[in-house]
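Since the structure comes first, as C-alpha cells, the remarks are kept for the end.
The values are calculated or read from the model by the stated rules, or taken from the named source; none is laboratory data. What you see is a predicted model; the values in this text were computed from it and never measured. Virtual Cβ from ideal backbone geometry, glycine too; neighbours counted across all protein chains shown. The accessibility values were calculated without ligands, DNA or RNA, using every heavy atom of the protein model including side chains. Shrake-Rupley method; radii C 1.70, N 1.55, O 1.52, S 1.80 Å.
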Amino acid sequence: MQTLQRTLEDHDITHLRILAELWDIELPAGGTRAVLPVLVRAMLAPGAAEELAASLPPRTAEALGYLLSRQGRAPLADLNRSFGPLRVMGRARRDRDKPWLDREAALDGLFYRGLLARAFADSPTGPLEFGFVPDDLLERLPRPSPPPASLGKPAPAPSSVRFTGTQSVDDATTLLASLRRRPSSAADLTPARRAELAPFLRRPEALELLAVLLLEQGVLQPARLRPEPQSARAFLELSPPAAAELLRRAWAQSRAWNDLAHVPGLSLAPRGRTWPNDPVLTRTSVLSLLPGVPTETWWDLEAFVADVRHEQPAFQRPGGDFDSWYLLVNRDGLSLTGFDHWETVDGGMLRFMIEGPLFWLGAVELGCEAGRLVAFRKTPAYNDLMAPAERIDAAVPPESGLLARIEADGLIYAPAGMAAAQRYQVARFVSWVGLDQDTYIYRLTPSALTAARAQGLSPAQVRVILEHASGASLPEGLAMAIRRWEKRGAEARVEATFLLETSEPRMLKELQTQRSTARYLGKMIGPTAVRVRQADVQPLLSAAARLGILIEPPGSP
C-alpha cells in the first residue's frame, strides 16, 4: 500500500526516535530530514526486520502474524476488535503514557515500531481504513502460512437432505396461473392471497421473492399484478432448468428484493426510515464469501459462519461500521447497534441467505440432523449467480416429457416438472384441488368452464388444451360433459350443508315461526329435519339459545 519512508514522513521527530530506540538503531542529531533516511536504511537492512519480529512481546507478535498471513493488511476495525484498540494520542499524552511499553497493547506495539500504518483503500463495501505493514518492510519479514482459502470446513454427509431443484419454476408457474385467473387488486400480494396460494406451492416461504423477481423481469405487470402476455409466454416456454437459471441470475442482480429486510426477527428502529444497506452490495458480499467452498461438497454451516466472523466480519458493512445501522429484534425491541450483535444481524444474514434464497432457487442443498440444519452443499447451479441476468427474449424448447393424466371423473393430475406452459394453460381455468407431493390435482367443473370463457377460451379450445397437456384424447364422458355445458350451462351444484334434527315436530315448528331462527333454516327433509347452510350453523345456535332452546353443535361427542 505504501513504502516505509512514506508512512514515517508524517511522524514527528520524537516518534521517530522512540521507534529507533525500539529497533536499537543509533540516529544522528538533527530533525526529520536528517534522521529519516538513516532510520529507513537501518530498518530495511538484511536481517533487521526478522530480528525485531523475533523479539516482540507475545501479543504483539500474534497481531503481526495475523497481518502477515493476510498479505500484510487487514481492515483496521477488525484489528481493533481482535488486538486493539490502536490508541491515537497527541504528543504530550504519548510521551506521558508511553503506550509502546504496554506488552498487552498489541497494535500500539506494532505502531510505535513502524510495523503498522494506516490508510484508506477501496473494498467491496466502499472506502475502508486498513492497517498495514509498509510494502518494502513486508518483503523482509517471514511469511506465515496464509489462512485457508475457504471459510469453514467440510461436514460429514447428513442423515437428511433437503433440495429444491427447479421447484422455483413450479411455484412461479402456479403464481402466474393464479394471477391470470384473478389479478391482484393491489400492487403486491396481500396476506389473504398468500394464504390462499400456500397449499398449492412447493416452497410457500419463497412466494414473495418470486413475485418480486417476476415483476423486475417484466413477467408481471406492476399496476395490478397480472401476467404480461408476451414476457410471461417467453418465461413459461423456457425449459425448467433454463427458467430456474433466469430466476437465480435475476435474484443476484435484484434491487427490489432486500435480503436483510427478510432476515427473521429483524425490524427497523424508529430512527431508521429505510433499510440501511445496499441490497446488491450485501448480496454480492455474501456470495464473495462462498467461491472457496467446493461445489457438491457438504460444508459445516456453523463453522462457515464462525470463520466469517473471525476473518471478514464486516463483509456487508460499508467502512466496517457497526454503529450506524438502527435495527431491532422483533420480539422485544432490543437495539442491535454495535458489533456485539454480529450473530443476530450479520450471522443471521448469512444463515438466511443460505437456507432462504440460495436454497429456494436451487443453488444449494441443505443437510439436517434431528430436524436441525447443520450443513449445506453448493450445487452446479450456484455458478449461475456469477453471471448477469439475461433478457427473456428467446424460448428454449422444454426438455420435460412429463404429461398430465386426466381421469373420467374430471380429476386432472399434473406432475411437477411438466412443461410450465402446459400446466399454466390448464391451471388458469380449472378448479384447484390440492398439491400431493409432486403432483398438482385439479378438477374440471362448470365454474372452471365459466372461468375459461371469461378468459376468452371456447369449450373447443379447453378440450384442445387438456388433450395437449395429457397427450391423449379426453375420456368420452368428460368430452360429452363439455359439450353439454356449452349447450346448457351448469346443470347441477353441490353445496355443503348440515342437517338439523329435532326430537319432535313441535320444536322444529317453533324454530320456523320465530323470525330470529327461521332465516337460518333451509329446505325441510321431513317433519323433524331441515337443512342448514354451513355458514348459518353458529348464528342459528346463538339465536336459538336466546329463545331458550339449546341445540347440539355438529361434531359434538
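If you go through the stretch 277-290 one residue at a time, do you hit one that is in contact with a strand residue (DSSP E or B) (Cβ under 9 Å, 6 or more places away or on another chain) and open to solvent by 40 Å² or more (accessible area, probe 1.4 Å)?
No, that holds for no residue.
Consider the stretch 431-454. How many of its residues are out of contact with any helix residue (DSSP H, G or I) (no Cβ under 7 Å at 6 or more places or on another chain), among the polar types (S, T, N, Q) and either open to solvent by less than 80 Å² (accessible area, probe 1.4 Å) or closer than 13 Å to GLY410 by Cα (or both)?
4
Taking the stretch 119-145 as the search range and keeping residues that are in a loop (DSSP other than H, G, I, E, B) and either hydrophobic (A, V, I, L, M, F, W, C) or under 28 Å from THR379 (Cβ atoms) (or both), which one is most open to solvent (accessible area, probe 1.4 Å)?
By that ranking, first place goes to PRO124.
Table: residues versus (1) assigned to a helix (DSSP H, G or I); (2) open to solvent by 20 Å² or more (accessible area, probe 1.4 Å); (3) at pLDDT below 90; (4) closer than 30 Å to ASP307 by Cα.
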{"position": "MET1", "(1), (2), (3), (4)": "no, yes, yes, yes"}
{"position": "LEU19", "(1), (2), (3), (4)": "yes, no, no, no"}
{"position": "GLY30", "(1), (2), (3), (4)": "no, yes, yes, no"}
{"position": "ARG41", "(1), (2), (3), (4)": "yes, yes, no, no"}
{"position": "ALA45", "(1), (2), (3), (4)": "no, yes, no, no"}
{"position": "GLU51", "(1), (2), (3), (4)": "yes, yes, no, no"}
{"position": "ALA63", "(1), (2), (3), (4)": "yes, no, no, yes"}
{"position": "ARG81", "(1), (2), (3), (4)": "yes, yes, yes, yes"}
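Where the second residue is part of a loop (DSSP other than H, G, I, E, B) and hydroxyl-bearing (Ser, Thr, Tyr) and the first is on the phi > 0 side of the Ramachandran plot and lies in the stretch 313-328, which pairs have Cβ atoms under 9 Å and are six or more apart or on separate chains?
Note: pairs meeting the criteria are GLY319/SER123; GLY319/THR125; GLY320/SER123; GLY320/THR125.
Residues being farther than 22 Å from THR274 by Cβ and open to solvent by 50 Å² or more (accessible area, probe 1.4 Å): count how many of those fall in the stretch 295-338.
Total meeting the criteria: 10.
Which residue, of LEU175, LEU201, LEU179, LEU215, is touching a strand residue (DSSP E or B) at 6+ places or on another chain (Cβ under 9 Å), open to solvent by 20 Å² or more (accessible area, probe 1.4 Å) and hydrophobic (A, V, I, L, M, F, W, C)? Spell out the reasoning first.
On the way: LEU175 fails: open to solvent by 20 Å² or more (accessible area, probe 1.4 Å); LEU201 fails: open to solvent by 20 Å² or more (accessible area, probe 1.4 Å); LEU179 fails: open to solvent by 20 Å² or more (accessible area, probe 1.4 Å).
Result of the check over LEU175, LEU201, LEU179, LEU215: LEU215.
With ALA157, ALA106 as the choices, which residue is crowded, with 22+ Cβ neighbours inside 10 Å and among the aliphatic types (A, V, I, L, M)?
ALA106
Given the conditions (1) among the polar types (S, T, N, Q); (2) at pLDDT 90 or above; (3) surrounded by 12 or more Cβ atoms within 10 Å (Cβ to Cβ), report the number of the one that THR513 does not fulfil.
Checking THR513 against (1) among the polar types (S, T, N, Q); (2) at pLDDT 90 or above; (3) surrounded by 12 or more Cβ atoms within 10 Å (Cβ to Cβ), the one that fails is (3).
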